[in-house]
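The values are calculated or read from the model by the stated rules, or taken from the named source; none is laboratory data. What you are looking at is a predicted structure, and each value in this text was computed from that prediction instead of being measured. Don't worry about glycine lacking a Cβ; one is built from the backbone with ideal geometry, like all the others, and counts go over all protein chains shown. For accessibility, only protein heavy atoms count, side chains too; no ligands or nucleic acids. Shrake-Rupley method; radii C 1.70, N 1.55, O 1.52, S 1.80 Å.
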Amino acid sequence: MDLDARGVFALRTWGRQLRLVAAASWLPNVALALALSSEVLLFPAPPAHHCRPDPALLPPELRALAGPALLNASLPRLPPPARGWSPCLLLRYPGPGPEPNGTGPCTRGWNFARPSAGLLRTPVTQWNLVCGDGWKVPLERMSYLLGWLLGCVTLGSACDRFGRRAIFVTSLALATVLGSGVALAVSYSMLLSLRLLYGAALAGAFLSLYVARLELCDPDHRLPFSMVAGFFFVAGTILLPGLAAICQDWRFLQGLVTLVLGLVLFFWGFPSLFPESPRWLVATRQPGRAKDILWHLGGAELKPEDSTSEGATLAAELDRLSEGKALPQYHSICEVCSTQRIWRSVLILAFTMLLGNGIQYSFTQNLAPYLPHFYLPCFLLAGLEAAGSLLLILMARCCGRRASLLLWTVLTSLASLLLLSLGQYLPIWTVVFLSTLGLLASQAMSVLSTFFASEILPTVIRGAGLGLIMAAGFLGQVATPIMSISNNRGFFLHHVVFASFAVLSMLCILLLPETRSRNLPESLEDAEGRRSSPLFLPRWRHSQDHHVPLLLPSRKQTCRAWQPYSCPEVPSHRTGGQWPPPTGAHPASEAQATRQPRHV
């Protein structure tokens with residue numbers, strides 16, 4: 001049953017309850033943004049630090065020193081032009097004389113300079129994750145991103161089996177418990193394992209909320225509805241530095257974020273604020289539950305009070321589907337392997353997500369020397385994400401999803417190639433402009449790829465398919481901590497690889513079907529029937545099927561399009577050797593075969 005074709009979620013039928021649910025689905029994005037963006041504040045680059053002086057290593061005549069004199073006697077100076085003391089070494093005095101003749105590792109920990117912004121106490125300063133243990137910081141970031149990847153894959157499939165609401169509530173409950181455990185962690189290994197599971201739970205909550213929100217919209221309002229939710233995510237990202245300035249300690253900040261997640265669980269746990277997706281219930285053959293939710297959410301036009309109303313017709317069809325007490329029908333993501341167009345679209349959009357998230361590291365590295373303040377990168381990324389969402393609302397509605405995605409990919413490729421080939425010859429303002437443009441375009445690519453995939457995938461596997469595509473995006477982000485472990489060795493190769501990927505993705509995007517103003521596909525057969533169309537197709541021709549010139553239809557597919565005519569194996573002399581036969585030409589009729597074709 002196609003609920004979009006019946007106008008169930010159209011704006012004219014929205015009741016007060018549906019508007020309330022629509023607005024309420026935006027607010028949890030603030031809490032999820034606080035949980036996701038806190039990674040930057042919990043594990044920042046360590047501030048200026050040096051070894052804590054150890055008087056036991058000094059000769060007896062120097063042990064009474066204090067203040068700067070003790071530091072000068074205990075710490076080696078950095079070579080010019082750098083200033084200050086070496087962060088990881090102590091001077092050694094193996095002989096009886098007052099002159100050192102060697103260096104050694106720190107023995108009593110480190111002294112950290114007070115940061116100019118952010119938290120005063122972090123896991124880095126608490127467990128001395130510097131020098132020899134500095135690799136543990138990017139390892140934690142990597143495990144956190146892998147937790148998101150794991151949550152997208154597993155909980156995305158669970159969304160299609162147990163429902164959007166069930167996974168959202170379960171994921172929030174797990175995130176609240178695990179977030180409390182993170183705030184109480186007593187060791188680095190405990191923190192590492194809890195953050196992995198915490199990221200998986202947050203991924204399940206974000207994914208299930210995204211899918212449920214999308215399935216409440218009609219074709220004309222899906223895009224703005226999803227992009228406005230992105231503005232709330234940006235608001236949570238901007239709010240986080242203020243909370244960090246208030247908390248000062250990473251445990252307090254983590255506890256506050258967990259408290260916000262608990263409040264979301266308390267209020268959004270009620271079915272009135274977050275009901276199950278009626279579209280998923282209808283697609284999985286659960287019309288009884290779907291009817292109750294539709295009557296609860298719909299306006300007066302959906303209520304079956306009048307026998308001639310649309311609501312009465314919909315109720316009758318749902319009652320007919322309920323006959324026989326059929327069991328719910330669930331589908332697995334493995335069924336995509338038996339399709340042709342769906343798996344191709346999933347592969348292409350996963351590739352663009354990987355590119356959009358992975359190439360952002362190249363642009364941020366080019367901007368790093370010009371953003372010295374701690375909060376500037378955070379605010380810049382949030383502002384660019386908001387600007388990208390606003391531009392997507394304007395462009396995707398006018399040009400379509402595929403043309404917009406192609407344009408952002410071209411801009412990403414152009415900025416990346418110019419920085420790669422001419423970066424050292426360009427003036428500073430040009431490098432800053434190209435890096436900012438590349439960040440904007442790559443973020444827009446990621447956002448639009450996620451939204452595009454949710455419109456292409458059918459309802460029965462939308463959660464699992466979208467989980468795989470989002471997991472590819474988080475896999476691209478893993479390149480950032482990997483480069484940090486290697487101290488940016490191989491940065492040029494990283495830039496070259498992703499710039500090449502950007503050029504390749506431009507060709508792949510042409511194979512995607514356009515989804516603007518189309519109903520969401522409910523079944524695998526419905527999604528498989530969506531064909532590619534010309535790039536700038538007029539809006540009034542969206543309902544027709546077209547082919548990309550590089551993907552010419554097979555003889556069997558062309559034959560189906562010419563039904564009810566028969567399909568001969570080879571072109572016949574009755575049709576003048578033409579295939580497909582001209583309009584009005586029937587292979588079985590000699591008279592019709594000689595008729596001149598009509599031009600439509």
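Annotations
- For region 97-210: span of alpha carbons on each principal axis (Å, largest first): 75, 24, 22
- Scattering curve values for region 338-476, log₁₀ I(q)/I(0), Debye with Cα scatterers, q = 0.10, 0.15, 0.22 Å⁻¹: -0.36, -0.75, -1.32
- Label-to-label distance, nm, for residues given as Leu347 and Arg397 (7 Å Cα→Cβ offset): 3.5 nm
- Heavy-atom accessible area per residue - region 205-268, 1.4 Å, Å²: 32 Å²
- Solvent exposure of region 26-66 as accessible area per residue, Å², 1.4 Å probe: 40 Å²
- Across region 150-211, the volume of the C-alpha convex hull divided among the residues equals 59 Å³ per residue.
- Three-way shape label, region 371-425, alpha-carbon gyration tensor, a/c 1.5: oblate
- Two-site FRET efficiency, Ser272 against Ala45, from Cβ-Cβ distance with R₀ of 41 Å, rounded to 0.05: 0.35
- Estimated D of region 323-368 in µm² per second, where Rh is the Kirkwood radius over Cα pairs and Stokes-Einstein applies at 10 °C, 1.306 mPa s: 113 µm²/s
- For region 127-166, the spread of Cα positions along each principal axis, largest first, Å: 47, 14, 7
- Nitroxide proxy distance, nm - points 7 Å out along Cα→Cβ at Ala23 and Ser338: 4.6 nm
- Phi-based couplings in Hz for region 239-245 (Karplus 6.51, -1.76, 1.60; Gly and Pro marked x): 6, 4, x, x, 5, 5, 5
- Spatially, region 123-173 and region 392-424 are offset by 30 Å when compared through their Cα centroids.
- The mean sequence separation of alpha-carbon pairs under 8 Å and at least six residues apart, normalised by the residue count of region 146-250, gives a relative contact order of 34 percent.
- 17 Å tail of the calculated P(r), region 22-83, as % of Cα pairs: 65 percent
- Full extension of the segment from Asn101 to Ala113, taken as 0.36 nm per residue of separation minus the current Cα-Cα distance, would add 1.6 nm.
- Cα-centre dipole for region 325-466 with unit charges at Cβ (Lys and Arg positive, Asp and Glu negative), debye to 20: 420 debye
- Carbon/sulfur fraction of accessible area - region 137-261, other protein chains in place, 1.4 Å, %: 82 percent
- As an equivalent ellipsoid, region 45-145 spans semi-axes of 29, 14, 12 angstrom, where each value is the square root of five times an eigenvalue of the C-alpha gyration tensor, largest first.
- In sequence order, region 269-279 has phi-based couplings of x, 7, x, 5, 8, 9, x, 5, 5, x, 5 Hz under the Karplus curve 6.51 cos²θ - 1.76 cosθ + 1.60, θ = phi - 60°, and Gly or Pro positions carry x.
- Packing order of peptides 217-227, 47-57, highest average first: 217-227, 47-57 (average count of other Cβ atoms within 10 Å over each peptide's residues).
- Label positions at Val503 and Ala66, each projected 7 Å from the Cα along the C-beta direction, are separated by 6.6 nm.
- Cα-based Rg / Dmax (Å) for region 400-524: 16.7, 54
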